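These notes are about the structure you will find just below.
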Amino acid sequence: MDMNEIKEIFFQECEEQLAELETGLLKLNDGDRDPETVNAVFRAVHSIKGGAGAFGLDDLVSFAHVFETTLDCVRSNRLEPTQDVLKVMLRSADVLADLTNAARDGGSVDGGRSRQLIKELEALANGELPQAATEPVPKAVPSAAAPVAPVVNEEGFQPVAFSFDDFEAGDELTIEPVAYEIVFKPKSDLYAKGNDATLLLRDLSRLGEMSIHCDMDGLPPLDRLNPEEAYFSWKISLSTDKGEEAIRSVFEFAEWDCDLEVAVAGGLIGMDEELPMQPVPFDLSILDEEAQMPAGEEDRAYPHEGEAQNATIPAAETASNVLQMAQSAARVSPENVRNPTSASTAQNIAAQQAASAATPTIRVDLDRVDRLINLVGELVINQAMLSQSVIENDTNGTSSINMGLEELQQLTREIQDSVMAIRAQPVKPVFQRMSRIVREIADMTGKSVRLITEGENTEVDKTVIDKLAEPLTHMIRNAVDHGLETPDKRIAAGKSPEGTVRLTAKHRSGRIVIELADDGAGINREKVRQKAIDNDLIAADANLSDEEIDNLIFHAGFSTADKISDISGRGVGMDVVKRSIQALGGRINISSRPGQGSIFTMSLPLTLAVLDGMVVTVANQTLVVPLTAIVETLQPEASAIHSFGASQRLIAIRDSFCPLVDVGRILNFRGAQANPVEGVALLVESEGGGQRALMVDAIQGQRQVVIKSLEANYTHVPGIAAATILGDGRVALILDVDAIVAASRGQSLRPEMPLAAAG
């Protein structure tokens, strides 16, 4: 291995260290004070500095050294990681990433910015607060790792460093505990997102002495019980010296999914009312003991019914109440409460252990993986051809060849799934990149913005991830610049001066759905409409729905900015978003409420290489309908078909009516409409278009197909997303369900809706 290969490995490791650095700083910014988080951040910078020194990257080493020195002050508790301090460190992490990229690609970095940050980091290491801080604090003794030249004042005297560390501990200020009363009522969303009320109460108990009352008045009779609802609430008395902020930080990640009230004792209405049950000593530490329990110790910690008096909780009746409360909070069985391997407590512990354990990995060139995926795709096609040939020539269908082909088909599918899993990666790196963009745009616009990410570990094909960064960047810039108001306007509107942008990823029906939501002013539809009229995009008397007005922002050259700036005004951002998403075979929808914000929803395929589809026949043509779009198949009856208007038809489905769409007519495969009774109806659901019943002549079967791009091999065909090769060697077209549904609503088949593919 030569030096260039070693250097490339170093830069690959730098990417991992930079991701670890930003993740740790964001955790600290959210209030995490775990020493291991601080150590992880310190190790990341230290590792980058050490590797850079081996390759003589002096600029990178110099900056990393100062950054490391400041982090060491945090690690040794000489510097408190406040919000202002962390803002400097987050900007320093950005510069460290820029210096790393410049060292790898041969570019340059703004020297003035890096020098300014070095001064700020040195000031932090010397105990000086950033300029944004308002409370003066005494300077600490300079760190030995960051020596500062002695300063002589005008009178010629040199200041002497003075440490207060030698004072006796008895002189320290003690904080008396304060009694707080807390009302905690979870919503059903809290449990739907995998949170556990019991774990929140356990974390709360660590702040001080606590007693709990469980309010069960909301519990309905068994016949009206909804298993997905949350009926219990808790009234808690807590004595702690940590302060109200520490109490609220326990519920930080559940604050949107519960009703929470915190007040000094006597400040909450209803706390003095008679409670439905007596106070229960709730020793939540048993959950921690349970997680660390050696094998074979369960019976001693959790006795049988006859041995309840030996349990951690003194009385059998009290223990029963506590277990019932824990079960109600977590909505799990008694076995789950006793057995940590099946409860959510154990799941969280296992996740932490898995995250901390070093998983063996191997670095492989992406080109090799892509070649392997293409070969597996060809294997799938050849296996389908072989199966088709045997079926056509073997009439009895029971030969050993058929049995072998079935096993081959199963093995081929497993190989394909395994190979696709190799290229599947979490969206976390892309989401982390958005944090920097939010900070930069917020600084440029003078707005206070908080980015919240959810579902970072949602996995998707790497080819999709690589093409997500550009549209997400434009959408983030649009949300901060156009969506969120300035702090003054937000305060005037009764909102928090800090705006929130929420980025979420999740799997849904075989696709990945990414949502970008903001709590800004929403889309000003009157302004958008007037701008579209001025740009001759629509007629002045055009009657447009709210959805159609919202979609005008995707037109090329369209912008509502009053003047061109470094951020917006040229009308290219959202146009790029639309084209990028459609090039990935995805769709984007907008939901906006004036004064409350907007939600942009992107639906993308998990992979651009394979597709589960239903093979159908339409006017003697073979088509493939994506299985993720199909809700069910129907055999229409004459009594269920109803005419509507001049040429529209509806089909009755379980006391409701659904438009019937003739696919052959939409694609111009035939001139006259076919008889629906003689065909099959596929009930499909499109992104934002509702349900439609697609009428086809017959269903051939369901199979997994390898996607081949029409644009790369031929040209785009309206209404067709891509193509594939069937088992008999014929080319079949993959239907663009969203385009067909849009055409049935009166829109023309647009030529900009391709499904990108591998091959």
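Tabulated data for the structure shown
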item: Every residue from segment 186-201 that is at pLDDT 85 or above and not aliphatic (A, V, I, L, M); result: P186, K187, S188
item: Unique match (being at pLDDT 85 or above, part of a loop (DSSP other than H, G, I, E, B) and of a type outside the set (F, W, Y)) among L204, L219; result: L219
item: Of residues in segment 539-567 being assigned to a loop (DSSP other than H, G, I, E, B) and of a type in the set (D, E), the one modelled with the highest pLDDT; result: D541
item: Filter result for L608 (in a loop (DSSP other than H, G, I, E, B), within 34 Å of the chain's Cα centre (by Cα), among the aliphatic types (A, V, I, L, M) and modelled with pLDDT under 85); result: yes
item: Matching entry among V364, V380, V430, V419 (being closer than 30 Å to L21 by Cα and assigned to a helix (DSSP H, G or I)); result: V430
item: Single match in D94, D84 (criterion: among the charged types (D, E, K, R), more than 24 Å from E245 (Cα to Cα), in a helix (DSSP H, G or I) and within 32 Å of the chain's Cα centre (by Cα)); result: D94
item: Matching residues, segment 655-678, being over 14 Å from H642 (Cβ atoms), of a type in the set (A, V, I, L, M, F, W, C) and under 41 Å from the mean Cα position of the chain (by Cα); result: V661, V663, I666, L667
item: From S591, S643, residue being buried (at least 17 other Cβ atoms within 10 Å of the Cβ) and in a strand (DSSP E or B); result: S591
item: When residues of segment 646-659 are limited to those that are of a type in the set (G, A, S) and part of a strand (DSSP E or B), the one modelled with the highest pLDDT; result: A652
item: Residue in segment 12-37 that is modelled with the highest pLDDT, counting only those that are under 18 Å from Q432 (Cα atoms) and over 23 Å from the mean Cα position of the chain (by Cα); result: C14
item: Odd one out for M210, checked against (1) part of a loop (DSSP other than H, G, I, E, B); (2) farther than 30 Å from E454 by Cα; result: (1)
item: Out of R529, R570, sole residue that is at pLDDT 80 or above and either among the charged types (D, E, K, R) or in a helix (DSSP H, G or I) (or both); result: R529
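Okay, residues lined up against (1) touching a helix residue (DSSP H, G or I) at 6+ places or on another chain (Cβ under 9 Å); (2) without any contact (Cβ under 8 Å) to a residue 24 or more places away in the chain; (3) under 18 Å from I118 (Cα atoms); (4) assigned to a helix (DSSP H, G or I):
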{"site": "L26", "(1), (2), (3), (4)": "yes, no, no, yes"}
{"site": "A40", "(1), (2), (3), (4)": "yes, yes, no, yes"}
{"site": "K49", "(1), (2), (3), (4)": "yes, yes, yes, yes"}
{"site": "C73", "(1), (2), (3), (4)": "yes, no, yes, yes"}
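The values are calculated or read from the model by the stated rules, or taken from the named source; none is laboratory data. Everything quoted here is computed from the prediction, not taken from an experiment. No Cβ is skipped: glycine too gets one built from the backbone with ideal geometry, and neighbour counts run over all protein chains shown.
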